[in-house]
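Presented below is the structure to which this report refers.
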């Protein structure tokens, strides 16, 4: 039934300049599921995530998120998703709270000072609320980016390598947030190398290789070999 | 990247195009001979006047090409078919060449007539601006590697450029009316007109041929690339 | 999204761009100095007596605006590209056009501020008359700047993301600005000489039409160029 499916990608192919990064990949994620999308560097996992996020238009293929077409109804999709990308996407010359305030206004929401403060507290940046982001470490930036997501409660959470170079407390924050989303009926897709960290939050692993999605594995059926393979990948 | 010699069925050099090309060449030459032979030397310019039979048609088809560019850019934004972008690019290339030719011919005509290689005549100036607008279009294309982005960006730039052509034309014309008017080529007596029109028509045929031919070259290039890559789009993933 | 919300988004972008600019200041100062430098260079190279200078002043002023203003546009997108903020911007629900309008307004403020300093400097440097219709002169400055900034903001969305951006932006932008340049220079020159033949009106109308057409075209086409 359409309602039960959050993400439905069929035959997604994407070409960058002369190289096909995705070669006809399929992906299906049900509502309420948390899935790890895993693969080597250059396998196409980030590209697939960006296609789902409507940031990239596929060269071929059809995609639907919550039943909305990723090309024609992208705006409807964007209202419901939250993305934590490789780059934090923050403005260096604005303070932490100003970045969040800007985010609220861009999302068409009213500025809510207490909500901003609460979120800053949740991600452990209360002390830095009036500091300019320029001085932030990578970890702090990611926390702030996470905070930006917390303001909006997305139905679909897309995370791109969220654990890379992140301290344990921060990783914990991410997984907690991801779990909360699925508990509330939302859906999560995590692109990662790091199954050891992702397993806290996901119930299924989808492997992507060479632009194609391979057979997925779920929960208990993930063998130690798969685990080792995933974790052993060079970042 | 090696060019595949096995062409995919969707792109072959159409036989009719070669025939069309020959017909175009014959028409072009005939039109020129007719015009040159049947027109008497101009009272003021002498035989120099005959450059009009390539200059005016060149300018006319350059203009026409840019209308084609506009049409295909709009079509691309509407339908998102790569072939529309290829047509627009072909027309822009051909149009740019003929614009440059028209300027060069105008300059060549101008030297003996006005004693200078360049004059800030309204037509010449507007044409030079047009040339730069389309040179910008082509430069942007050459800097953009991704096909889809290139097509989208070209379409936007092409449309804005085309919108500007009449504006440039009128503003430069008004600008030049403030200053001295040079004797310009548009004062043509009717006895030359027939040669003009005939050559305008043969040039139109020429440009249609060139645009279509260039388009088919693009198609072949693309087919060659895609053929090699089709093989890479192998087994579809297993649905879980 | 409703019009009210879109307006809020536009205001948010204007606020963000101007705040970031205000806090760095380095960029604004550099552009103003560059404008002053350009004016001086014109003075040196034209080496004109005051009479001739009055005739070419319109051109000198507008070329200075163009050469220094163009520096602002790529910068406007660089802050989005540096931190990957462009993705975040594109992910918000709502019209992408609002991003254009916000950046357009912020850039407009920036360039007008540069002009506010640069034009008086030009007047002083070249002992220029203001003419008897200063209001109209200001209108010409405003209208010319609007068209310039609209097209500059639009083309920079593309140029800032490819190589050779410093040359590609002027290459794309300046030919498009010819009607605006002609109109603005003619109107400015006429008004500074008290407009004896009453020509400024025609040129002002040209500027208005140009602005209207291209502001509309840029707003409509922005969606197609801002995506990945």
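Details
- Test: residue in segment C:127-146 that is within 14 Å of chain A (Cβ to nearest Cβ), outside any loop (DSSP other than H, G, I, E, B) and either within 28 Å of residue C:4 (Cβ to Cβ) or touching a helix residue (DSSP H, G or I) at 6+ places or on another chain (Cβ under 9 Å) (or both): no
- The one condition in (1) free of Cβ contacts under 8 Å to residues at least 40 places away in the same chain; (2) in a helix (DSSP H, G or I) that residue C:48 fails to fulfil: (2)
- Some residue of segment A:33-55 being surrounded by fewer than 18 Cβ atoms within 10 Å (Cβ to Cβ), touching a helix residue (DSSP H, G or I) at 6+ places or on another chain (Cβ under 7 Å) and in a loop (DSSP other than H, G, I, E, B): no
- Residue in segment C:174-186 that is outside any helix (DSSP H, G or I) and surrounded by 22 or more Cβ atoms within 10 Å (Cβ to Cβ) present: yes
- When segment C:205-226 is filtered for residues that are more than 8 Å from every other protein chain (Cβ to nearest Cβ), surrounded by 19 or more Cβ atoms within 10 Å (Cβ to Cβ) and within 18 Å of the chain's Cα centre (by Cα), the ones remaining, listed by number, are C:207, C:211, C:215, C:222.
- In segment A:16-44, residue nearest to residue B:145 (Cα to Cα) [restricted to those that are in contact with a strand residue (DSSP E or B) (Cβ under 9 Å, 6 or more places away or on another chain) and facing chain B (nearest Cβ under 7 Å)]: A:20
- On inspection, residue C:106 qualifies as buried (at least 20 other Cβ atoms within 10 Å of the Cβ) and either assigned to a loop (DSSP other than H, G, I, E, B) or modelled with pLDDT of 95 or more (or both).
- Qualifying residue in segment B:34-57 (condition: modelled with pLDDT of 85 or more, within 14 Å of chain C (Cβ to nearest Cβ) and surrounded by 18 or more Cβ atoms within 10 Å (Cβ to Cβ)): no
- Number of positions in segment A:122-139 that are touching a strand residue (DSSP E or B) at 6+ places or on another chain (Cβ under 8 Å) and either within 14 Å of chain C (Cβ to nearest Cβ) or at pLDDT below 90 (or both): 4
- In segment A:104-121, the residue that is surrounded by the most Cβ atoms within 10 Å (Cβ to Cβ) out of those that are within 9 Å of chain C (Cβ to nearest Cβ) and free of Cβ contacts under 8 Å to residues at least 24 places away in the same chain is A:106.
- Flag for residue B:140 being under 21 Å from residue A:19 (Cα atoms), at the interface with chain C (Cβ under 8 Å from one of its Cβ atoms) and under 18 Å from the mean Cα position of the chain (by Cα): yes
- The set of residues from segment A:64-103 being within 21 Å of residue A:131 (Cβ to Cβ), within 19 Å of the chain's Cα centre (by Cα) and facing another protein chain (nearest Cβ under 9 Å) comprises A:87, A:88, A:89, A:90, A:103.
Let's see how each residue does on (1) within 14 Å of chain A (Cβ to nearest Cβ); (2) touching a strand residue (DSSP E or B) at 6+ places or on another chain (Cβ under 9 Å):
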{"position": "C:9", "(1), (2)": "yes, no"}
{"position": "C:20", "(1), (2)": "yes, no"}
{"position": "C:43", "(1), (2)": "no, no"}
{"position": "C:59", "(1), (2)": "no, no"}
{"position": "C:87", "(1), (2)": "yes, yes"}
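- Here residue C:25 fulfils each of the conditions (1) at pLDDT below 90; (2) on the phi < 0 side of the Ramachandran plot apart from (2).
- Unique match (being surrounded by fewer than 22 Cβ atoms within 10 Å (Cβ to Cβ) and at pLDDT 85 or above) among A:182, A:192, A:187: A:182
- Filter result (in a helix (DSSP H, G or I) and either over 19 Å from residue C:216 (Cα atoms) or facing chain C (nearest Cβ under 7 Å) (or both)) within segment B:143-154: B:143, B:147, B:148, B:149, B:150, B:151, B:152, B:153
- Residue B:133 touching a residue at least 40 places away in the same chain (Cβ under 8 Å) and closer than 30 Å to residue C:205 by Cβ: no
- Of all the listed residues (A:147, A:185, A:124, A:170), the sole one being without any contact (Cβ under 8 Å) to a residue 60 or more places away in the chain and at positive phi is A:124.
- Yes/no for residue C:150 being surrounded by 21 or more Cβ atoms within 10 Å (Cβ to Cβ), within 19 Å of residue C:189 (Cα to Cα) and either within 14 Å of another protein chain (Cβ to nearest Cβ) or touching a residue at least 60 places away in the same chain (Cβ under 8 Å) (or both): no
The values are calculated or read from the model by the stated rules, or taken from the named source; none is laboratory data. On a predicted model such as this, the values are computed, not experimentally measured, just so you know. Using ideal geometry, Cβ is built from the backbone for each residue, glycine included, and neighbour counts are taken over all protein chains shown.
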